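Taken together, the values in this text are just the output of simple stated rules run on the coordinates, not laboratory data. Everything numeric in this text was worked out from a predicted model, so none of it was measured. Cβ placement follows ideal geometry from the backbone for every residue including glycine, while neighbour counts extend to all protein chains displayed.
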Amino acid sequence: MLFRRRQPEDFWSRVKVMMWPRRSWQRSFSYFKKRVLRLNATPHAIAAGFAAGVFASFTPFIGFHFVMSFVIAYLLAGNLAAAALGTVIGNPVTFPAIWASTYEIGRLVLAPDILSRAPENFGHLLRHLDFFALWQPLLKPMLIGAFIEGGVVALIAYGIVYWAVRRFRRHRARRILARRGGVANIAALDPDPAP
């Protein structure tokens, strides 16, 4: 293969790169931002897909974030690639904060006095993944908190991504027209005009 490594990476070096990028966090964020902005879809589709991925990341069902984000993006007429990129918000670094905040919000909404303590055999329930026993003390408050907190964060993400995609496309259209020496008629080039 043309671009294969001379010495293949082992498992631990791949895990290290997932947790700490080789170059810098700024370069990784810039690459991620460009991946989202350069998707080939309308600004609404990109923003709705990204927001769907962000919302799915707040739910406690880890193995199903991609599937949930794709279903939500499909229902919102969002871009599926943007939905997959939106799930990056939930990662091993952010999950502890997300889970703690969604649990506390759900606990406050339900009834703080009823859910004040975890069951005594909590470790045993987690080891054996007893869903029905975990539902009341843990999953129910986390899911309710995820709907509240995830919904707010997803709406904010939608607004930011929609604005960023429109701005990026207008800037790119101006650059292309400036190279050609034409007068910039940005309204004619904007595929998704503002309402």
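Points to keep in mind about this one:
- 3J(HN,Hα) along region 55-72: 4, 5, 5, 7, 7, x, 8, 4, x, 10, 4, 5, 4, 4, 5, 5, 5, 5 Hz, from the Karplus curve 6.51 cos²θ - 1.76 cosθ + 1.60 with θ = phi - 60°, whole Hz, x for Gly and Pro.
- Label-point separation in nm, residue 6 to residue 163, each point 7 Å along Cα→Cβ: 4.8
- Fully extending the segment from residue 16 to residue 100 would add 27.8 nm, taking 0.36 nm per residue of separation and subtracting the current Cα-Cα distance.
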